[in-house]
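Trainee: Here you go, one structure.
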Amino acid sequence: MNTHVILKVVSPENPDTLSPLRDIYESSFPADERRMFDSVVEIAGTNPDFTLYEVLRGNEPVGLFSTWNTDKFVFVEHFAISEKYRGWGIGQHVIESWLAGQTQPVVLEVERPDDDLSRRRIAFYERTGFRLWPVNYIQPAYSIDSNPAPMHLMTYGDIDLSGMLDEVIQLVYRKVYAGALLP
């Protein structure tokens, strides 16, 4: 299967780009684990530390990827491949290609390994070089209509959470979840 894909920064002013990404985003993440998509678009247009990418296979959007830059690491907020293309190796190709260009460590959240899907997701990130930190971490509620989500953190690169867990969590809460309902 052809896994040749590219990451392209999304321009919030292009509604043709946004519609398929909204569909991928909303079908890939439970409501408690995502923002309203209009908020994602607004942040992409106003916050220089946030980048929203579309994953393109040819001219077809097949996924999305969003990151936050901090002074200590890059935080991956969301990454999803369209259900139609899962299992093609596209996700691994995207992550490995993106990681090859990173100069800072990377941090992301994953669901706790309570079911087969979450265990497979963790294994996917481990295959690309991430380390699981089974720490007590709660993803804040994005709104009053959503619930906090118990998660674990994963890291890539030169970052050791054993000595800086509280600092990393506070930076993620302050940068990524500003305005969210913090635990």
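Read the figures in this text as sums done on the coordinates, not as results from a lab. Keep in mind that this is a model prediction, so the values were computed, not measured. Don't worry about glycine lacking a Cβ; one is built from the backbone with ideal geometry, like all the others, and counts go over all protein chains shown.
Trainee: Which loop-located GluC sites (Glu not before Pro) does the stretch 11-86 contain, where loop means any DSSP state but H, G, I, E or B and the Cβ has at most 11 other Cβ atoms within 10 Å? Write out the running numbers ahead of the final one.
Mentor: On the way: sites: E13, E26, E33, E42, E54, E77, E83; in loops: E13.
Answer by residue number: E13.
Trainee: May I ask for the longest run of the chain untouched by trypsin sites (Lys or Arg not before Pro) that are loop-located per DSSP and have at most 16 neighbouring C-beta atoms (other than their own) within 10 Å?
Mentor: For trypsin sites (Lys or Arg not before Pro) (loop position, at most 16 other Cβ atoms within 10 Å), the longest site-free span of the chain is 87-183.
Trainee: Karplus couplings for the stretch 73-78 from phi (6.51 cos²θ - 1.76 cosθ + 1.60, θ = phi - 60°), rounded to Hz, Gly and Pro as x?
Mentor: For the stretch 73-78, the Karplus curve yields 6, 9, 9, 8, 7, 9 Hz.
Trainee: Run the Debye formula on the Cα coordinates of the stretch 6-175, all scatterers equal and no solvent, and tell me log10 I(q)/I(0) at q = 0.10, 0.18, 0.20 1/Å.
Mentor: -0.36, -1.32, -1.69
Trainee: Scan around V135 for amide H atoms under 5 Å from its own, H built in the peptide plane at 1.01 Å from N, and keep only partners 5 or more places away or cross-chain.
Mentor: Those qualifying (amide H under 5 Å, at least 5 residues apart or on another chain) are L153.
Trainee: Oh, and also: Through the Karplus equation 6.51 cos²θ - 1.76 cosθ + 1.60, θ set to phi - 60°, convert the phi angles of the stretch 166-178 into ³J(HN,Hα) values in whole Hz; use x for Gly and Pro.
Mentor: 4, 4, 5, 4, 5, 5, 4, 4, 5, 7, 7, 9, 4
Trainee: Given the Cα-Cα distance of F124 and S162 and 0.36 nm per residue of separation, how much length would full extension add, in nm?
Mentor: Values: separation 38, 0.36 × 38 = 13.68 nm, distance 2.25 nm.
Contour length minus Cα-Cα distance gives 11.4 nm.
Trainee: Could you calculate the contour length gain from E42 to I144, that is, 0.36 nm times the residue separation minus the distance between their Cα atoms, to one decimal place in nm?
Mentor: That works out to 34.8 nm of additional length.
Trainee: I need the phi-derived Karplus couplings for the stretch 27-43: 6.51 cos²θ - 1.76 cosθ + 1.60, θ = phi - 60°, integer Hz, Gly and Pro marked x.
Mentor: 8, 9, 10, x, 3, 6, 10, 8, 7, 5, 4, 4, 5, 4, 5, 4, 4
Trainee: As a test, work out the antiparallel percent of DSSP beta bridges whose residues both lie in the chain, rounded to the nearest 5.
Mentor: 90
Trainee: Long-range amide H contacts for E77: which residues qualify at under 5 Å (H placed 1.01 Å from N, peptide plane, sequence gap of 5 or more or a different chain)?
Mentor: Long-range HN contacts for E77: S66, T67, W68.
Trainee: Check which residues have an amide H placed less than 5 Å from R112's amide H, if you skip close sequence neighbours.
Mentor: Counting only residues 5 or more places away or on other chains, the set is H152.
Trainee: Take every Cα pair under 8 Å in the stretch 6-175 that's 6+ residues apart, average their separations, divide by the length, and report that relative contact order as a whole percent.
Mentor: 19 percent.
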